[in-house]
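The numbers here are math on the coordinates, done by the rules we state, and not lab data. Just so we're clear, the structure is a prediction, and the values are computed from it rather than from any experiment. For neighbour counting, all protein chains shown are included, and Cβ atoms are generated from backbone atoms with ideal geometry for every residue, glycine included.
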């Protein structure tokens, strides 16, 4: 009997088990830190995870997303390109294809390539017809001043999820841009009934009030938006940020 083999086999099994545990631990810590917006630390853990296992696609996605949040857009895009080479036989195929194209779409928005962003988001929808992706696609069309297309995708998002407060609010944004104030008000009402503490809702309510000459009310709404933790998101232009609107509405009284 080969006694060395008896010792070696359990040792290899132990090493593989420890290797797997470390990889899973790094992945878990990566997602935990990503959730808590500790993007640098998340990036470190996902890097360790992918170093141990370069075919752990969830770790790769976490690494791409943490780089995206750190504004390392070219790095994030390169990781997405690698992820999207995933074989159809892999369990996470649909998840990675959806999220990979979704993230590439967000990256293209940051790089001001709206057409490329639209193409990537449409590819994501091919793998999962998700209301959040439909909503995002509508926002890119709004950013590109293609309002009818934007409205089309917001309505599709609402058809899939009738409690999507953000899609109702974004639909209101489109109608505001078209100066269809009654339709904007109607959709803001739907949005408020679903999610009354939405800071983006109050920004649009401020715009409606200002359009109707109610600047004091517009100022109150925009201040409420700030108090609720409004943060600029990927699809906004600088001229439409909160501080600009506060100066515009609150100094007009």
Two pseudo-spin positions, 7 Å from Cα along C-beta at residue 113 and at residue 195, lie apart in nanometres by 2.9
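State the three equivalent ellipsoid semi-axes of segment 66-173, derived from the C-alpha gyration tensor as the square roots of 5 times its eigenvalues, in descending order and whole Å.
Working from the Cα gyration tensor, I get semi-axes of 24, 17, 11 Å.
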In nm, give the distance between the simple-model label positions of residue 251 and residue 40, each being 7 Å from the Cα along the Cα-to-Cβ direction.
3.5
All-pairs alpha carbon distance profile, segment 174-221, 5 Å steps from 0, percent
5, 24, 31, 27, 13, 0
For segment 103-221, state the average projected area of the convex hull of the C-alpha atoms over all orientations, rounded to one decimal in nm².
7.3
Projected area, mean over directions - the chain, Cα convex hull, nm²
16.4
Could you tell me the calculated FRET efficiency between residue 84 and residue 179, based on Cβ-Cβ distance and R0 = 45 angstrom, to the nearest 0.05?
0.65
Quick check: pseudo-label points 7 Å beyond the Cα along Cα→Cβ at residue 148 and residue 95, how many nm apart are they?
4.0
Mind pulling the angle between the C-alpha long axis of helix 93-110 and the longest principal axis of the chain? Nearest 10 degrees, somewhere in 0 to 90.
50
Helix 147-160 versus the longest principal axis of the chain: what is the Cα-based angle in degrees, 0 to 90, to the nearest 10?
60
To test your reading of the geometry: what angle, between 0 and 90 degrees and rounded to tens, separates the Cα axis of helix 57-69 from the longest principal axis of the chain?
40
Rounded to the nearest Å, the spacing of the alpha-carbon centers of segment 107-157 and segment 43-71 is 25
For the chain, what is the calculated [θ] at 222 nm in deg cm²/dmol (nearest 500), taking -39500 (n - 2.57) for each run of four or more DSSP H residues and dividing by its residue count?
-25000 deg cm²/dmol
